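Below: one structure, written as structure tokens.
The values are calculated or read from the model by the stated rules, or taken from the named source; none is laboratory data. Bear in mind the structure is a predicted one, so any value in this text is a computation, not a measurement. Cβ: placed from backbone, ideal geometry, glycine included. Neighbour counts: every protein chain shown.
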Amino acid sequence: MATVQDFDDFLTGLDSNARGVDHRDGLKWGEPAMEVRGVGATWMASMDVLHRAVAAGINLIVTHEPTFWFDGRPANPELERCRERDVDVGFKTRFLDEGGIAVIRAHDCWDRYPDYGVEARLRGVLGVPDPLEYLGGYHYFYEVAETTLGALAQDCKAKMDLPCLRVAGDLAKAVRKIVIAYGATSGTEGYYRFWRRGADAVISGEQSEWAAVRPAIDMGMGVIELGHAATEAFGMQGMADLLSEHFPNIPVRHLPTDPSFQWL
Ligand SMILES: [Fe+2]
Ligand SMILES: [Fe+2]
């Protein structure tokens with residue numbers, strides 16, 4: 001038997017700093033003493049994910065992103081931020097209660113976690129070699145076999161099995177030095193630093209058109225936008241893999257988050 005507390009302790013042990021007052025990780029819903037029957041690791045605990053969890057007999061969700069929409073910290077938790085802003089997520093808390101589901105957020109411990117984490121698993125899928133340099137924050141600098149922006153974009157699309165992606169810049173541009181700015185880690189200042197370091201292109205997750213894409217175009221740096229969920233979901237399969245290894249008697253699976261968009 002394992003409880004929610006046992007899983008929370010294990011996740012805390014991955015990076016105790018991720019439980020500090022300025023961090024995001026921890027139990028967001030449910031009782032620590034509850035016995036865990038099944039675990040779903042997911043990028044974001046959407047209502048669709050929660051419905052699938054109940055149908056599969058899962059009663060613990062380990063989510064990378066917020067459950068109650070706001071990016072909470074101990075001093076200002078997700079549900080408190082909802083209350084402050086008069087945002088009612090009662091339909092979601094009721095569903096969690098009725099389904100007897102607990103939710104733990106694993107974000108700050110997980111993006112840069114070796115081998116199983118978000119960056120490591122995405123790099124493995126894309127076949128990018130070990131980084132040349134750590135740039136700080138979430139970003140590493142890589143050198144790949146020379147290609148073009150268009151060919152690199154097509155390669156990412158095929159390897160990640162994406163229905164489509166967006167590219168900014170000259171598709172014929174030669175690319176050898178890249179930064180992977182997965183998730184929502186793209187921004188003006190970071191892009192400026194990537195450019196000054198010599199990056200030919202950025203492989204990115206979620207973009208701001210004005211704050212990241214337009215500056216990159218001005219700098220002459222290519223941008224390949226793959227999506228926030230798409231770039232982080234492989235890491236949540238990694239979370240399911242790691243939890244399975246450490247809790248072999250509890251069923252653990254990756255629950256892919258339902259697609260945010262349709263393309264018309
Ligand atoms: Fe992340
Ligand atoms: Fe993210």
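Tabulated values for the structure
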{"read-out": "Check on residue 38, free of Cβ contacts under 8 Å to residues at least 60 places away in the same chain and either within 16 Å of ligand 2 (Cβ to nearest atom) or farther than 25 Å from residue 180 by Cα (or both)", "value": "no"}
{"read-out": "Yes/no for residue 223 being more than 16 Å from ligand 1 (Cβ to nearest atom) and outside any helix (DSSP H, G or I)", "value": "yes"}
{"read-out": "Close pairs (7 angstrom Cβ cut-off, 6 or more residues apart or separate chains): assigned by TED's automatic domain parsing to the domain that holds residue 163 in the range 230-243, of a type in the set (S, T, N, Q) and part of a helix (DSSP H, G or I) anywhere", "value": "none"}
{"read-out": "Filtered residue count, the range 161-186, keeping only those that are touching a helix residue (DSSP H, G or I) at 6+ places or on another chain (Cβ under 6 Å) and within 16 Å of ligand 1 (Cβ to nearest atom)", "value": "5"}
{"read-out": "Among (1) outside any helix (DSSP H, G or I); (2) among the hydroxyl-bearing types (Ser, Thr, Tyr); (3) out of contact with any helix residue (DSSP H, G or I) (no Cβ under 7 Å at 6 or more places or on another chain) - the single one residue 113 does not satisfy", "value": "(3)"}
{"read-out": "Tabulated pairs, the range 176-187, first more than 8 Å from ligand 2 (Cβ to nearest atom), second aromatic (Phe, Trp, Tyr), C-beta under 6 angstrom, 6+ apart or interchain", "value": "178/142; 179/141; 179/194"}
{"read-out": "Qualifying residue in the range 126-137 (condition: within 16 Å of ligand 1 (Cβ to nearest atom), of a type outside the set (A, V, I, L, M), touching a residue at least 12 places away in the same chain (Cβ under 8 Å) and not assigned by TED's automatic domain parsing to the domain that holds residue 23)", "value": "yes"}
{"read-out": "Residues of the range 168-202 satisfying the condition of being at pLDDT below 95 and either crowded, with 22+ Cβ neighbours inside 10 Å or part of a strand (DSSP E or B) (or both)", "value": "186"}
{"read-out": "Positions within the range 33-45 being in contact with an Asp or Glu (Cβ under 6 Å, 6 or more places away or on another chain) and surrounded by fewer than 24 Cβ atoms within 10 Å (Cβ to Cβ), in sequence order", "value": "44"}
{"read-out": "The range 1-31, residues that are closer than 21 Å to residue 97 by Cβ and without any contact (Cβ under 8 Å) to a residue 40 or more places away in the chain", "value": "3, 5"}
{"read-out": "Residue that is within 16 Å of ligand 1 (Cβ to nearest atom) and under 26 Å from residue 43 (Cα atoms), where the choices are 191, 140", "value": "140"}
{"read-out": "Residue that is within 26 Å of residue 1 (Cβ to Cβ) and either buried (at least 23 other Cβ atoms within 10 Å of the Cβ) or modelled with pLDDT of 95 or more (or both), where the choices are 215, 248", "value": "248"}
{"read-out": "The range 203-219, residues that are in contact (Cβ under 8 Å) with a residue 40 or more places away in the chain and assigned to a helix (DSSP H, G or I)", "value": "213, 216, 217"}
{"read-out": "Matching option when the condition is touching a strand residue (DSSP E or B) at 6+ places or on another chain (Cβ under 8 Å), surrounded by fewer than 21 Cβ atoms within 10 Å (Cβ to Cβ) and more than 23 Å from residue 225 (Cβ to Cβ), among 123, 52, 94", "value": "52"}
{"read-out": "Index of the failed condition, residue 207 passing every other in (1) within 21 Å of the chain's Cα centre (by Cα); (2) at pLDDT 95 or above; (3) more than 30 Å from residue 54 (Cβ to Cβ)", "value": "(2)"}
